[in-house]
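Below is one structure, written out as structure tokens, with a few remarks after it.
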């Protein structure tokens, strides 16, 4: 697949794990790679995540700006927020991922995030988390009130502070844009993976498996073997070739 001068190779793997249904939804084509992790019970989470991905899929095959992505994510929030509420919990979903775009004539990754699903980049065999978790525990860690090593076991680790479809009238995504480099490997996943496997193990698997499909499927298998209780979804996308290398136009990391 060639998008914005970048040849991409990608794959998706998912499993419902210990849950009765799979409330994760993924999209991985035409330069758009996202995962949404739904919540709400009674299949509402599945509906919410699928609706959010359906809305943001309009970014596929385009070259969106930061404003374009913000507009589409706000629309996804509006649409999910309009779903009927059954029981005590309003349907909602996280949304994270990356879209390939162009900025100043250069191919760029544009990372977006709402919630506690995650997007990573691996460069030179080193894995880096690109997104910030929107969760109570992440905020407590940032404030120095909870040690990093205790976050994974904290009883409120799954309480999200920003979500599509929640009570807030408007939700904006965290955005980050930077040039694509040949050899970049992007990983987009629901928290079913990161709650179960430490980043060091994820990095080891990504180093060991050269093809995105082998890497995505192995990560899901290892999460299940480690006792994953939540749905596990993984998207792996490689930048195999770039027609214009970073630096030609002085590209920089831009965040919002």
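Classify the stretch 69-120 as rounded, prolate or oblate, taking a ≥ b ≥ c as the square roots of the eigenvalues of its Cα gyration tensor: rounded when a/c is under 1.5, otherwise prolate if a/b is larger than b/c and oblate if not. Here the stretch 69-120 falls in the oblate category.
Its relative contact order, with pairs defined as Cα atoms under 8 Å and 6+ residues apart, puts the stretch 2-93 at 26 percent.
Got the relative contact order for the chain handy, in percent, Cα pairs under 8 Å and 6 or more residues apart?
27 percent
Peptides 74-82, 126-134, 231-239, 43-51 ranked from most to least packed give 231-239, 43-51, 74-82, 126-134, packing being the mean of other C-beta atoms within 10 angstrom over each peptide's residues. Relative protection proxy for 217-229, 181-193, from highest mean packing down: 181-193, 217-229 (other beta-carbon atoms within 10 angstrom).
Name the shape class, rounded, prolate or oblate, that the alpha-carbon gyration tensor gives for the stretch 1-114, where a ≥ b ≥ c are the square roots of its eigenvalues, rounded holds for a/c under 1.5, and otherwise prolate holds if a/b is larger than b/c and oblate otherwise. It is oblate, given that a/c is not under 1.5 and a/b is not larger than b/c.
Rule-based calculations on the coordinates, nothing more; no lab input. Quantities reported herein were computed from a predicted structural model and do not represent experimental measurements. We place every Cβ from the backbone using ideal geometry, glycine too, and count neighbours over all the protein chains shown.
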